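Please read the structure below before turning to the comments.
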Amino acid sequence: MNTYKKYCPNVFVAKCENEHQKGEIIILTTKYGKEHECEVYNLVGKSNDGSYFYSITRTDGYNAQERAKRKAERLLGYANNADKRSEEAHEKADLSEEKTGIVFGQPILVGHHSERKHRRTIERAWDSLGKAVKESEKAEEYRSRAEYWESRTNDINLSMPESLEYYEYKLEEAKEYHEGLKSGKYEKRHSYSVTYAKKAVNELVKKFDIAKKLWG
């Protein structure tokens, strides 16, 4: 059986019992028993027990960008539902004479047969108003989270073949900036500007090397 194995942050590879060729279509099974059709790219390792590890992409196009898109859509759906519940609760909190049969501004008539009904009506209205506020706050929270995932729908990471070209470009860009800081082409904003720029280059070198192994 072919399964998923975490290779590095954001990247899962296929762990296979048998050897496969680039371009071959295989089925991977998740730990929850779900099956995904995937295309084999590169052999990235082999374990002592004889298992083969391959970089893969799903044939249905599902990737980090699609995941972010679906999360955003799902959260927006939650927000809309919370808005609807808030509106419904707000309507129930309406204490108008038309809704309750109680004249606006009429005090509770203590001892009158209407006292209990009047108090229950006010209590239900306050409970409904509290629910309306709570659901409105939920809607705002869902929208905030949806905005975050929407901002990631164009992200590129090492789980995607596009990362090879992306990190090659980012590495050249970082190298040019580092050299420019040393030569005086770019202004040093603080005493650690060159150090931080060099660190950025080193990190991108590592990512580019991983991208080449996965997708080169």
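Determine whether region 175-198 contains at least one residue that is closer than 25 Å to A68 by Cα, outside the structural domain of E73 (by TED's automatic domain parsing) and of a type in the set (A, V, I, L, M, F, W, C).
Residues of region 175-198 closer than 25 Å to A68 by Cα: none.
No, there is no match, as no residue in region 175-198 is closer than 25 Å to A68 by Cα, outside the structural domain of E73 (by TED's automatic domain parsing) and of a type in the set (A, V, I, L, M, F, W, C).
Counting only residues that are among the aliphatic types (A, V, I, L, M), touching a strand residue (DSSP E or B) at 6+ places or on another chain (Cβ under 6 Å) and surrounded by 11 or more Cβ atoms within 10 Å (Cβ to Cβ), how many does region 1-24 have?
Let us first name the residues in region 1-24 that are among the aliphatic types (A, V, I, L, M), namely 1, 11, 13-14.
From what's left, touching a strand residue (DSSP E or B) at 6+ places or on another chain (Cβ under 6 Å): 1, 13-14.
Narrowing the set further to residues that are surrounded by 11 or more Cβ atoms within 10 Å (Cβ to Cβ) leaves 13-14.
The qualifying residues number 2.
How about region 8-44: which of its residues are basic (K, R) and assigned to a loop (DSSP other than H, G, I, E, B)?
Just the residues of region 8-44 that are basic (K, R), to begin with: 15, 22, 31, 34.
Correct list: K22, K31, K34.
For region 137-151, the criterion of a residue being in contact with a helix residue (DSSP H, G or I) (Cβ under 6 Å, 6 or more places away or on another chain), over 20 Å from A68 (Cβ atoms) and at pLDDT 95 or above is satisfied by at least one position.
The values are calculated or read from the model by the stated rules, or taken from the named source; none is laboratory data. These numbers were taken from a predicted model, which means no experiment stands behind them. Positions of Cβ are backbone-derived with ideal geometry, glycine not excepted, and every protein chain shown enters the neighbour counts.
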